[in-house]
Amino acid sequence: MERKYITTADGSSTIYLPDLDETYHSRHGAIQEALHVFIKEGLKYTLDQKPDLNPISILEIGFGTGLNAFLTCLQAKDLNCKIDYTGVEAYPVTADDLLHINYSKSINEGANESVFNTLHKVAWESKQDISEYFSLLKQQKSFNDITDNALYDIIYFDAFGPRVQPDLWGEAVFKIMFNALKPGGILVTYSAQGNARRAMQAVGFTVARIPGPPGKREMLRASKI
């Protein structure tokens, strides 16, 4: 599939798939979107609700460019919190893709480039310590093949959008997500689509529509009560 590399509104890059007319991250700002949806409304929200939770276990649906994992790794040190991170991806990005990604430079003039590179260099299917605060397990498989039960405090749901892959936003996948979360855990996603929200509710989630990142009025946060 053809791939192009574009600069988003906040200066950070993303991958664009012309055949699908879909980007890996928001055109309104890749880093801004990730910081709002996953860090602010996922990680920091959880710590505000459960300040003594340590370590925190996170599952990412759509490891992709590694942006969400990268930002979470940096936040772990700042928050003085241990994070066990699992990223699931059916089709990993290529080494060529990574040459066009500028996240470390966009965040801190390249000072954290070695961290970003390490996230992609470590072996798949093997848990690796990236820092004293952050461990990473990358799994290459379909989201439908996840069988984890009550393992995670947070799910970052960052699959391609419902327009492109509607099957990833139905009851079957969200039932898998519900089972994977611990009681009291949350799922956050950039989408606020009505069908996705209703599918989450159908499998047992309590779903809130909350303010979205730049360019989106709302997003969803689903809780396993």
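The values are calculated or read from the model by the stated rules, or taken from the named source; none is laboratory data. Here the structure is a predicted model, which is why all the values come from computation and not from measurement. All Cβ positions, glycine included, derive from the backbone under ideal geometry; neighbour counts span all protein chains shown. Heads up: the accessible areas ignore ligands, DNA and RNA and are worked out on the full protein's heavy atoms, side chains in. Shrake-Rupley method; radii C 1.70, N 1.55, O 1.52, S 1.80 Å.
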Fill in: When the range 104-158 is reduced to its Cα atoms, the Kirkwood hydrodynamic radius in Å
13.4
Worksheet item: Looking at the chain from every direction and averaging, what is the projected area of its Cα convex hull in nm²?
Response: 11.1
Discussion item. I need two numbers for the range 116-225: Rg to one decimal and Dmax as a whole number, Cα atoms only, in Å.
Written reply: 14.9, 40
Worksheet item: How many Å² of accessible area per residue for the range 18-131, probe 1.4 Å?
Response: 46
Worksheet item: Can you tell which of Ala192, His100, Asn117 lies farthest toward the positive end of the dipole of the range 87-194, using +1 and -1 charges on the Cβ of basic and acidic side chains (Lys, Arg; Asp, Glu)?
Response: Ala192
Item to complete: With a cut-off of at most 12 other beta carbons within 10 Å, and DSSP calling the residue loop, which GluC sites (Glu not before Pro) in the range 65-117 qualify? Please list them.
Response: Glu109
Worksheet item: Within the accessible area of the range 6-135, what % is carbon and sulfur when the probe is 1.4 Å and the other protein chains stay in place?
Response: 46
Worksheet item: Scattering from the C-alpha atoms of the range 1-100 alone, worked out with Debye: what is log10 I(q)/I(0) at q = 0.20, 0.23, 0.24, 0.25 1/Å?
Response: -1.04, -1.25, -1.32, -1.38
Fill in: Candidate lysines - alpha carbon under 19 Å from Lys138, same-chain residues fewer than 8 apart omitted
Lys82, Lys121, Lys127
Fill in: Computed magnitude of the charge dipole of the chain (debye, nearest 20; Cβ of K, R +1, Cβ of D, E -1)
620
Practice prompt. Would you mind calculating the gained length between Arg27 and Ile225 on full extension (0.36 nm times residue separation, minus the Cα-Cα distance), in nm to one decimal?
Written response: 67.9 nm
Worksheet, complete the sentence: Of all trypsin sites (Lys or Arg not before Pro) in the range 1-48, the ones in DSSP coil with at most 16 other Cβ atoms within 10 Å are Arg3, Arg27
Worksheet item: How much of the DSSP beta bridge set in the chain is antiparallel, as a percent to the nearest 5?
Response: 45
Discussion item. Quick check on my link table: of Lys105/Lys141; Lys40/Lys77; Lys44/Lys224, which ones sit more than 22 Å apart, alpha carbon to alpha carbon?
Written reply: Lys105/Lys141
Discussion item. Students often get this wrong: which residues of the range 143-182 have the backbone nitrogen under 19 Å from the point 7 angstrom along Cα-to-C-beta of Arg198?
Written reply: 162-175
Worksheet item: Applying the Karplus parametrisation 6.51 cos²θ - 1.76 cosθ + 1.60 with θ = phi - 60° to the phi angles of the range 83-100, what ³J(HN,Hα) value in whole Hz is obtained for each residue in order, glycine and proline being reported as x?
Response: 10, 9, 10, 10, x, 9, 8, 7, 10, x, 5, 9, 4, 5, 4, 5, 5, 9
Discussion item. Normalised by the empirical 2.2 N^0.38 Å for globular proteins, what value does the Cα Rg of the range 165-225 take?
Written reply: 1.05
Item to complete: Could you calculate the FRET efficiency of Asp48 with Asp129 from 1/(1 + (r/R0)^6), where r is the beta carbon distance between them and R0 is 30 Å, rounded to 0.05?
Response: 0.70
Item to complete: Could you run the Karplus curve 6.51 cos²θ - 1.76 cosθ + 1.60 with θ = phi - 60° over the range 46-59 and give me ³J(HN,Hα) per residue in whole Hz, x for Gly and Pro?
Response: 4, 5, 5, 7, 9, x, 9, 6, 6, x, 10, 9, 10, 10
Worksheet entry | Alpha-carbon Rg/Rh ratio, for the range 45-167, with Rh computed the Kirkwood way | 0.96
Discussion item. I'd like the distance separating the alpha-carbon centroids of the range 80-155 and the range 7-35, in whole Å.
Written reply: 18
